[in-house]
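Enquirer: Structure incoming, see below.
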Amino acid sequence: MKGTTKELIPKMLNLPQDKIYELKEHKEKRSLDANGYYWSLVTKIADVLRANKEDIHFKMLKQYGQVSSIMMLSSIDIRGFVKYYEVESKRVVNGKEFTVYRVFKGSSEMNTKEMSNLIDGVVYEAKELDIETKTPKEIAELKSLWNKER
């Protein structure tokens, strides 16, 4: 069910009371062209550097993506919670060891503005390696498509 609050509230009042519902803000997905372009450049960079494209992707997330810090008990395996992270430090609190992680948002979780920044970064990196990229006009067209989707 999609709609504004004025449209949804009357509909929700008529739903069965014994069930549980999930309500979340509707957000349009990024253009698959944008995601495909990002990964094509990541692959080309990996080929030039003779590196793994997942390693290049992680490097791009670290340089141009969104980052947060979290602290967890060191005995907990963070891989069950996040995919992209690095250890920042270790601390002892009340006799228990904690690890502080830098956690990077994956590209599939990014909104269009965040993905736009990531693509700008990967375009810059590609140009530094003399890899052909789309023209600024073509990139602007991709970004305008995202704005129309939002």
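Enquirer: Output the residues belonging to the range 99-121 that are crowded, with 18+ Cβ neighbours inside 10 Å and more than 14 Å from the chain's Cα centre (by Cα).
Expert: T99, Y101
Enquirer: Follow-up question, since we're still on this one. Hey, could you check the range 46-101 for residues that are of a type in the set (S, T, Y) and in contact (Cβ under 8 Å) with a residue 24 or more places away in the chain and say which is nearest to V122 (Cα to Cα)?
Expert: So the residue we want is Y64.
Enquirer: State yes or no: is G80 on the phi > 0 side of the Ramachandran plot and at pLDDT below 95?
Expert: Against the criterion (on the phi > 0 side of the Ramachandran plot and at pLDDT below 95), G80 does not qualify.
The values are calculated or read from the model by the stated rules, or taken from the named source; none is laboratory data. Keep in mind it's a predicted model, so treat the numbers as computed, not measured. Glycine also receives a Cβ, built like all others from the backbone with ideal geometry; neighbour counts cover every protein chain displayed.
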